[in-house]
Every structure is written in C-alpha cells, then in structure tokens.
Amino acid sequence: QHSTCVVSQIPVELWYEQFSDSTLADAVLDRLVHDAYKIQLKGESMRKLLSGVKNAPEGDKTVATN
C-alpha cells in the first residue's frame, strides 16, 4: 500500500467542474476522496509571511521588521 497526497488551490467542491465528462469526474473523484483525509488550510500564504514584505505596493520592497 502507498499513500497519495493531492494538493490543489481549487476548493474540493469545485473539482467536479474541472472535468468535461461527468462520468469521468464521478469515477476519478470517487476514487480520490473515498476514505481520504481532507485538510483545508486558511490564512495568509506562508511565502508572503516569510518574505518580510507586508502589503507593499508592487515595486516597493520595504522589509517589515518585528
């Protein structure tokens, strides 16, 4: 047995709409989400937080200090 990790910026409830064939969508998504652990993250992007740039306009690279 192996584990599979699927990561998406598309919310799970919108995955179905990404398939043009509804039968294919049913088959793939049923296998993906059956017995799956779903973890939904909320909040700011870690890249944004770790970059030190806080809501700076484009071109302004002011570094935030703690």
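Couple of notes before you dig in:
- First in the range 17-29 and open to solvent by 70 Å² or more (accessible area, probe 1.4 Å), second anywhere and aliphatic (A, V, I, L, M) and not in a loop (DSSP other than H, G, I, E, B), Cβ under 8 Å, 6 or more apart: Gln18/Ala25
- Among the residues of the range 24-51, just one is within 21 Å of Ser3 (Cβ to Cβ), of a type in the set (Gly, Ala, Ser) and part of a loop (DSSP other than H, G, I, E, B), namely Ala36.
The values are calculated or read from the model by the stated rules, or taken from the named source; none is laboratory data. Only a predicted model underlies this, so the values are computations on that prediction, with no experimental measurement involved. No Cβ is skipped: glycine too gets one built from the backbone with ideal geometry, and neighbour counts run over all protein chains shown. For the accessible areas, the whole protein counts, side chains as well, though only heavy atoms, and no ligand, DNA or RNA atoms are used. Shrake-Rupley method; radii C 1.70, N 1.55, O 1.52, S 1.80 Å.
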